[in-house]
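What follows is a short report on a single structure.
The values are calculated or read from the model by the stated rules, or taken from the named source; none is laboratory data. All of these numbers come straight from a predicted model, not from anything done at the bench. All Cβ positions, glycine included, derive from the backbone under ideal geometry; neighbour counts span all protein chains shown.
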Amino acid sequence: MEEHDAWLADVRSVHIIGAGLRQDRPAHQAFHDAGHLGYRMVPVHPRDAGNTLLGRPIRSHPWLDEEPELFVLFLSPERVIGQLRSWLLEGRTIPFIWLQPGAENDDVVEFLESANIGHSIGRCWVVTVRDGDIRCSNSIEEQKWYLQTTSLDGSECSIWRTFKFGEEHTLTEPLEWVGDSIDLSRSNETIPRYIRSLKGNDESLEQAALRLAN
């Protein structure tokens, strides 16, 4: 491990932006190559959200957690600029940005530097942690995950489901919300806040989520 990379061992959650269902994409392969290193790797892909990548639910955006630690971007430079601008306009506190090779150009670097956003360019995060054997030093335990969709039976009712870590799912109904236990406990979006409001005094959030799925 290079000394300047030692901080990566303290990172617990890594949002892999651009990681969807296409197995030929490097963002997808990242979960095969670095998924054993103890990080809570979070796949983010707007089109594929609600499906799973190696049993991890794909999110539509990376802001279920209001204080993310690290974004690894597998996007074109044009899309990187677009995302950064949108996040700043939304008032987000942008975490450290790791630009995968091909995601950077002079405009992206200038934007990051002018906005004073910490970043890495020119190196692959997957290669850095895998070849450097940089493992998460304080891993988060495997998380159950949750999904809410809209029924297709004509009632337009919402369907709430719970899944074990690693359980696969293919989305067949309109997505309303998806996230793991951490997202459910922290997100300020309407659905997780509503689920939290239904928790009884004598039950955990996990127990409440399971009860509501039955």
Could you check the range 51-69 and list, in sequence order, the residues that are buried (at least 21 other Cβ atoms within 10 Å of the Cβ) and either outside the structural domain of G122 (by TED's automatic domain parsing) or hydrophobic (A, V, I, L, M, F, W, C) (or both)? L53, I58, L64
Do we find a residue being within 25 Å of F96 (Cα to Cα) and in a loop (DSSP other than H, G, I, E, B) anywhere in the range 148-156? no
For the subset of the range 118-143 comprising residues that are surrounded by 13 or more Cβ atoms within 10 Å (Cβ to Cβ) and in contact with a strand residue (DSSP E or B) (Cβ under 6 Å, 6 or more places away or on another chain), which member is farthest from L70 (Cα to Cα)? Q143
Check off (1) modelled with pLDDT of 95 or more; (2) out of contact with any Phe, Trp or Tyr (no Cβ under 7 Å at 6 or more places or on another chain); (3) in the same structural domain as L99 (by TED's automatic domain parsing) for S158 and give me the number that stays unchecked. (3)
What residue, of D5, D33, is touching a Lys or Arg at 6+ places or on another chain (Cβ under 7 Å) and either within 21 Å of S181 (Cβ to Cβ) or not in a strand (DSSP E or B) (or both)? D33
Residues of the range 190-214 satisfying the condition of being surrounded by 15 or more Cβ atoms within 10 Å (Cβ to Cβ) and outside any helix (DSSP H, G or I): K199
Kindly indicate whether any position in the range 26-47 is on the phi > 0 side of the Ramachandran plot and touching a strand residue (DSSP E or B) at 6+ places or on another chain (Cβ under 8 Å). no
Take the conditions in a loop (DSSP other than H, G, I, E, B), over 16 Å from the mean Cα position of the chain (by Cα), surrounded by 11 or more Cβ atoms within 10 Å (Cβ to Cβ) and modelled with pLDDT under 95 and apply them to L171. Does it pass? no
